[in-house]
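J.: Structure below; questions to follow.
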Amino acid sequence: MNKKLILAVRIIVPLLITLSMGTLVYILHAFRRMSFDIYVMLVYTLLVYLIFYIDRKVIHFLYRRYPQKNSIWHRFVLPLVLSFTLSDLIIFLFYTPFKLYQIAQGANDSFHWIYVLTVSLQVLFLVLAANAINQVIFLMQRWQEEALRAEQLEREKTEAVLTSLKHQISPHFLFNNFNTLYSLIEEKSEKAGDFLLKLSALYRTILQNQEEVIPVAEELQAFQDYLFLLKTRFHEDIQMEYQLDQRDLDHYYLPPLSLQTLLENAIKHSHFDEDHPLRLKLEQQGEWITLTNSIYTAKTEMLPSYGIGLENIRSRYQLLSDRKVVIEQTEACFAVSLPLLSLEKQSL
């Protein structure tokens, strides 16, 4: 419950109870003039607030003293008994001298067992009201705290799973590129040094990115950097086509390394050579971005598969959104479409 609302309830409810009981007493006395002036009402009001305060403290004490006890005795009966006992003792300790003073001043009243019973019954009624209200407030606060704690635990669990999934990609990315670098070194290519610098810069970017989603522009930059690494090895065996409108992509997001993973997947599972290059097309349509690669059935050298790729992307999207990755395959091409995420629609 909102703190301001709780404060309002704790101020207004005792006051309403005081006014209601004062009015009831006045009616029961047939509207006759009594020794029930403004000062009596003030003292009575303060005593009502005191009872509510005592009951609240008793409930908090018992919840702290027995945090694991949820029986009716510990949560309802015991707080009621303790609140009534303490309230009744304090009321008689402070209110009795006030009543005796009124009688000494000539008030038409007396102090006997019926008076004690009447006051005790009033205290019991007030304790019942205070206990009901304080229990509701306290249980609502506990429910909100538990809901926030559960939400925080769920978020931490999701973040841990996302981190684990991103850690799966990083070795996968590294091992494949070491294979490429090894080939360049074997060929004694002058591009090996440039490739290593580009690889280290790209890997540094990956390590520094700890977000669940990143702007599409950043993801495209990582995609293009990785494509540079691939083309260093395969040259014109890989041909890339873009159909993107950057203005439409500015407010969208993607999971980090998702496009790069699709590109890795296309390279690993496609057969291509100089006569049959791998044709790739990255296009955006509405709230989707699709990477399509051509299919050539002849066998050629492929990088090994580690069984992560697309399954990793699917798992991350399950945590980030209710929208799913779409995979389409024909005899001529293989296409993977990723939903473009917006922060407003993200379900994380």
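J.: Go over the candidates L282, L343 one by one and state the one that is at pLDDT 90 or above and not β-branched (V, I, T). Working first, answer last.
T.: Numbers: L343 fails: at pLDDT 90 or above.
Unique residue meeting the criteria: L282.
J.: Moving to a separate point now. Residue under question is L93, and the condition is that it be farther than 16 Å from A129 by Cα and under 40 Å from the mean Cα position of the chain (by Cα); does it hold?
T.: Working: farther than 16 Å from A129 by Cα: yes; under 40 Å from the mean Cα position of the chain (by Cα): no.
For L93, the condition - farther than 16 Å from A129 by Cα and under 40 Å from the mean Cα position of the chain (by Cα) - is not met.
J.: Does L259 satisfy the criteria of being more than 21 Å from S315 (Cα to Cα), buried (at least 19 other Cβ atoms within 10 Å of the Cβ), in contact with a helix residue (DSSP H, G or I) (Cβ under 8 Å, 6 or more places away or on another chain) and at pLDDT 80 or above?
T.: Numbers: more than 21 Å from S315 (Cα to Cα): no; buried (at least 19 other Cβ atoms within 10 Å of the Cβ): yes; in contact with a helix residue (DSSP H, G or I) (Cβ under 8 Å, 6 or more places away or on another chain): yes; at pLDDT 80 or above: yes.
When the stated conditions are applied, L259 does not pass them.
J.: For I214, work out the one condition from (1) at pLDDT 80 or above; (2) outside the structural domain of L249 (by TED's automatic domain parsing) it doesn't fulfil.
T.: With (1) at pLDDT 80 or above; (2) outside the structural domain of L249 (by TED's automatic domain parsing) applied to I214, the lone miss is (2).
This table checks each residue for (1) in a helix (DSSP H, G or I); (2) modelled with pLDDT of 75 or more.
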{"residue": "L16", "(1), (2)": "yes, yes"}
{"residue": "T23", "(1), (2)": "yes, no"}
{"residue": "R33", "(1), (2)": "no, no"}
{"residue": "K57", "(1), (2)": "yes, yes"}
{"residue": "L82", "(1), (2)": "yes, yes"}
{"residue": "D88", "(1), (2)": "yes, yes"}
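J.: Let me ask something else about it. For I313, are the conditions met, namely being in the same structural domain as V216 (by TED's automatic domain parsing), crowded, with 17+ Cβ neighbours inside 10 Å and at pLDDT 80 or above?
T.: Judged against the criteria, I313 is a match.
The values are calculated or read from the model by the stated rules, or taken from the named source; none is laboratory data. Everything numeric in this text was worked out from a predicted model, so none of it was measured. All Cβ positions, even for glycine, are placed from backbone atoms using ideal geometry, and neighbour counts span all protein chains on display.
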